[in-house]
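See below for the structure under consideration.
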């Protein structure tokens, strides 16, 4: 993502919690900050891309965190996949400090990032969104406006990941059924993706499942479980029963118990194959 | 389907269990048979399109049924959505009578039929498939070969419907979540169908759900439950646990209990909305 | 069960589909029939105890079956665990032949039979029930009247087995949770069975699970799956969603896929342990 | 609980977050504290009974909280139903302050408390458990030792509540099935509780369901959902898939959406009846 910002002519100051990973970007023109605070103080807009809510808290709270160091009027764009309540609480904290939080989670596997094919879902103060639009447009193919509540962007992102989890789970069950019935997986994949399901979700993951290519890791089983827990948490908080998310969670737990935690989350279908006596 | 065969220049002799429904087709050049037996005896190829396995048995068994009246070497193409075991048992019965069963279920909502956009999945004896290819190609856009076992075509059709049921269920849960979170349904629908889920399954059903258009009936909730039961039956017969099918079944039962049995099966999302305090 | 009838002074004529298994009973005073027909013709009351609906049909249908050979006014007491629809259809067939069907499924693991601790649930014509009461009372500890519909007895038996399956499934999940939390299984078992759950279901199966004694087979995983399918079928027929039965079914399928089909059905908890990384 | 301690001759100083509720206990000999801090400072042992983890934090954290005000060597016995992680974190905080946390959740509906029929599950430092034993024994019928980790007591309590939720859910499904099959609910209840399920869980809740007595509130649907979420959270934290807990959660959400949040949690069976077309 930093490479795309640099390519679009933006000035980029980088901070990574794990040192030494920034060399290629530095040689492409980025500068390196020694702390979150230095990054926060040097400009009006800070983008964060963090693995989970705990990491988000670790860079926002405390004396050197964003809340304490970002100037008044500054904007924090949180681009990771975070819980709805975590985003809403952080938005309130930024507002109390005279700052603005935008949530702008992105859609796409890693290979979509460098190709500029990400979708960006942005939620938060409309004027701040306008100001940041050139950045967000440099990062992806299309920017979706979720509304004034940054939590809305989180909900849409989580609901989207949830739909994908359900599609993978359902494909896992369907492929197990056709394989046990003596049908070639590739024939079924062909039927699917020719018609009703002619889209990337079924094209990409149907192929991975048909070819049993769980070791091409785009998103790990362990991270997928985190997202499904955020989905279930959002459902609990708003009184929405989500039985399909429950099915995905059980499957992900089973896959992790069988040692697939660091494989691609399509290993949900491998776990289904095990339970069907196929693997 | 008969209209498409007539338009392609085929001779068509029609029999409908409910009399008086054939007038438009007769004026387009079809002839009417007074019984299954008359239809069976007059030509070498009989197409059946029946609502369920019971109806299929009612036209194949007994003294006037297809098994007793189709000439040796004749071909029965069963185009309805039937259970795997029912198709396999019928294939064996036809074989014992010197006849051939092909299973050729179709993919597409009613409006796809007249537009010639059906997919046809054919399974059974390869030579018979070749002989029937002109008919099947007249009916749809593409013919998929499932293999020599007619049951394979059933499995693929059922697995496809199952994936669609799961997608509708998941959309129902996801739309309930985003709506309760204050997000416009149309915004979420836009995000979905722009990217990962840019395909008819999510385009058509996402729109129906966003617009709450359950009364545009393409396929009823009651028929959907029948299909899901066939899926679960196939899973039981081959030892494949299908928890997502279980979720769909519970939802369909709930919708029927609330009076939605004759609505479009997208009413699964209406039932989800009820359970989420939205309807 | 025959031993108990002999002990109560009844005359018993036995027929077993597998020859050579009756020696101990013959030496205790029973006689052996060479066919179902011989057994049916020799007295007014026939008891059947069969593994499934297919076996029940095999001894009732056809020229030598009970429907053809039991005298008018004769009573068939079906004591196996059968599907509701199967029992109702058979009751109608017996009625058409001037005979009476009672359904009288029993409750209890094998060791309860010889100890006379079975419960017997009887459904069907009240006068016939009165006439058969001495037999039923000789077999068990208590006779429950389900009503005039023999299907009612089936429903009660299936619902009872379903509750037990759910209890075993829930114990499997709970024991996995406490074990992973560092709690001794025996401590948890002690808490359970001292209070709320001080009953045979939790006492017997909690002990088996705590001791991992799946090889003390009272009822196999494969037979349990058959019963759960009958439960789900009864739910489908009457429009009752049964998600807990769905959970049990998935678990039983998983256990069978892992090779536990002939173990005690408490192996549901072994399968849960596997999915929890404990086995 | 305070009444039982007074009756056993203990000195009791009471603090309630909502003022004015203590009159009957004060007239029975208890004294009233004006703050948590006063209660903490006046003696070596503090018992808390709080509705959830948030309430527990509110009386332990901050300048007037238990952590700041309980003397070194003092014991805090947390008797509410709390999350495993919450208890473990609090135990660590008490230890850092030179204090001791025991977790001692109790088992029993409200009517069991005054009758002295509670079970108490205690976890934590063995010497502290010994010292508090006279108090715990005054409160209930039996004290179970969970081990040195206070979290173990939480897990056992949560697993016990989970088993009860599953039993209620399963009864809801089973009673719907038998009722739709034409069987009297009371007959089924009689079969259950005579044999396998002759225990309070099925006796009490089976009767409530058979009599549809959801308005005899022992424990609300809303509180039950909180407990099931704690169970699922404990499962997530330790990698234990809990599909039955998922079923209970969906049911509780549905019941709450239908307005049953303040009814007895046996209203899970009412919600099941709705989905079965019975209510």
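The values are calculated or read from the model by the stated rules, or taken from the named source; none is laboratory data. Every value quoted in this text rests on a predicted model; they were computed, and no experiment measured them. Methodologically, a virtual Cβ is constructed for each residue, glycine included, from the backbone with ideal geometry; neighbour enumeration extends over all protein chains shown.
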May I ask you to verify whether residue B:124 is under 21 Å from residue B:71 (Cβ atoms) and out of contact with any helix residue (DSSP H, G or I) (no Cβ under 7 Å at 6 or more places or on another chain)?
no
What residue, among those in the stretch A:130-147 that are more than 7 Å from every other protein chain (Cβ to nearest Cβ) and within 16 Å of residue B:196 (Cβ to Cβ), is surrounded by the fewest Cβ atoms within 10 Å (Cβ to Cβ)?
A:141
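Per-residue answers, yes or no, for (1) closer than 23 Å to residue A:126 by Cβ; (2) crowded, with 18+ Cβ neighbours inside 10 Å:
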| residue | (1), (2) |
| --- | --- |
| A:39 | no, yes |
| A:68 | no, no |
| A:76 | yes, yes |
| A:80 | yes, yes |
| A:98 | yes, no |
Please work out if residue A:150 is under 28 Å from residue B:229 (Cα atoms) and buried (at least 22 other Cβ atoms within 10 Å of the Cβ).
no
Check off (1) in contact with a helix residue (DSSP H, G or I) (Cβ under 8 Å, 6 or more places away or on another chain); (2) at pLDDT below 95 for residue D:63 and give me the number that stays unchecked.
(1)
Top-ranked residue of the stretch C:44-66 - restricted to ones that are touching a strand residue (DSSP E or B) at 6+ places or on another chain (Cβ under 7 Å) and not in a helix (DSSP H, G or I), ranked as surrounded by the fewest Cβ atoms within 10 Å (Cβ to Cβ):
C:44
Could you check residue C:211 against (1) within 19 Å of residue C:53 (Cβ to Cβ); (2) surrounded by fewer than 22 Cβ atoms within 10 Å (Cβ to Cβ) and say which number it fails?
(1)
Return the residue satisfying two criteria in turn: it lies in the stretch C:231-265 and is more than 11 Å from chain B (Cβ to nearest Cβ) and surrounded by 24 or more Cβ atoms within 10 Å (Cβ to Cβ), and of such residues it is nearest to residue D:169 (Cα to Cα).
C:231
Which of the residues that make up the stretch B:191-223 are more than 7 Å from every other protein chain (Cβ to nearest Cβ), in contact with a strand residue (DSSP E or B) (Cβ under 7 Å, 6 or more places away or on another chain) and under 25 Å from residue A:143 (Cβ atoms)?
none
Considering A:20, A:73, A:9, which residue is assigned to a loop (DSSP other than H, G, I, E, B) and under 29 Å from residue A:151 (Cβ atoms)?
A:73
Determine if the stretch C:1-19 includes at least one residue that is modelled with pLDDT of 95 or more and under 16 Å from the mean Cα position of the chain (by Cα).
no
I'd like the residue in the stretch A:156-190 that is facing another protein chain (nearest Cβ under 7 Å) and touching a strand residue (DSSP E or B) at 6+ places or on another chain (Cβ under 8 Å) and, out of all such residues, is surrounded by the most Cβ atoms within 10 Å (Cβ to Cβ).
A:156
Is one or more of the residues making up the stretch A:25-32 in the same structural domain as residue A:137 (by TED's automatic domain parsing), without any contact (Cβ under 8 Å) to a residue 12 or more places away in the chain and outside any loop (DSSP other than H, G, I, E, B)?
yes
Top-ranked residue of the stretch D:105-129 - restricted to ones that are modelled with pLDDT of 95 or more and more than 13 Å from chain C (Cβ to nearest Cβ), ranked as surrounded by the most Cβ atoms within 10 Å (Cβ to Cβ):
D:124
Condition test on residue C:87, is it touching a helix residue (DSSP H, G or I) at 6+ places or on another chain (Cβ under 6 Å) and either over 21 Å from residue C:54 (Cα atoms) or surrounded by fewer than 23 Cβ atoms within 10 Å (Cβ to Cβ) (or both)?
no
Would the stretch C:85-95 turn up any residue that is touching a strand residue (DSSP E or B) at 6+ places or on another chain (Cβ under 9 Å) and free of Cβ contacts under 8 Å to residues at least 24 places away in the same chain?
yes
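Have a look at D:252, D:223 and point out the one that is farther than 28 Å from residue A:268 by Cα and in contact (Cβ under 8 Å) with a residue 12 or more places away in the chain.
D:223
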